[in-house]
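The values are calculated or read from the model by the stated rules, or taken from the named source; none is laboratory data. The structure presented is a predicted model; accordingly, all values stated were derived computationally and were not measured. Cβ atoms come from the backbone with ideal geometry, glycine included; neighbour counts cover every protein chain shown. For accessibility, only protein heavy atoms count, side chains too; no ligands or nucleic acids. Shrake-Rupley method; radii C 1.70, N 1.55, O 1.52, S 1.80 Å.
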Amino acid sequence: SLVLFAHTIFALPFACIGFFLALNTTSYSFNWLSFVLMLACMVFARNAAMAFNRYLDHSIDAKNPRTATRDIPAGRIKPQEALVFTVLNSALFITSTYFINPLCLALSPIALLVVLGYSYTKRFTPLCHLILGLGLSLAPIGAYIALTEKFSVLPVLFSIVVFFWSSGFDIIYALQ
């Protein structure tokens, strides 16, 4: 429960949009290896982001009755273990991008900076929800690049929609 599989499932359609958009708008054909590697990247990036968020917030979570039962504050997982899990998933993410194509590999540190950086933004800006939205909005672009190895405007348009939808969703969730 350190990382919620349901949150990963929630984000997977965003990546699938980019992948299947590339299939339907270009001459590229379906490739199982590319598809599995793209899914692996999604899972590894989400795992890293969620574990890092729990690692950074564990002392705050311990003070909040709603979050005090999470794994680290409850003592089921040590903070260092969550950090090791974050580093391992980040390394697996970068390794997966290596096997996809050089552009994905080159962009992988930027993607990690955004998805891990969200956890810090909560400490100094109420606009952190936009960073979360930005992290999720990278999925259609990344999946499109995973298949085509190039940028295109079309996945960016889908990413803009994902950005506003997920940022808005997170703002409403935070209002609780």
Contour minus Cα-Cα span, Ile9 to Val84, at 0.36 nm per residue, comes to 24.7 nm
Taking Cα atoms only, helix 153-174 is inclined relative to the longest principal axis of the chain by an angle, in degrees rounded to 10, of 20
For Lys63, the aspartates and glutamates lying under 14 Å Cα to Cα, once residues fewer than eight places off in the same chain are dropped, come out as Asp71
Helix 32-63: inclination vs the chain longest Cα principal axis, degrees, rounded to 10, gives 20
Ranked output for segments 33-46, 100-113, 81-94 by mean other Cβ atoms within 10 Å, highest leading, reads 33-46, 81-94, 100-113
If every Lys and Arg gets +1 and every Asp and Glu gets -1 at its Cβ, then about the Cα centre the chain yields a dipole, in debye to the nearest 20, of 340
Any aspartates and glutamates whose Cα falls less than 19 Å from that of Lys122, other than same-chain ones fewer than 8 residues away, would be Asp57, Asp61, Asp170
Residue separation between Thr67 and Gln176 times 0.36 nm, minus their alpha-carbon distance, gives in nm 37.9 nm
Simple spin-label estimate for Val36/Phe99, 7 Å along Cα→Cβ, in nm, reads 0.7
Probe 1.4 Å, heavy atoms of protein chains only: per residue, the accessible area of the chain in Å² is 54
Inter-part gap, Cα centre of region 141-169 to Cα centre of region 13-48, in whole angstrom, is 12
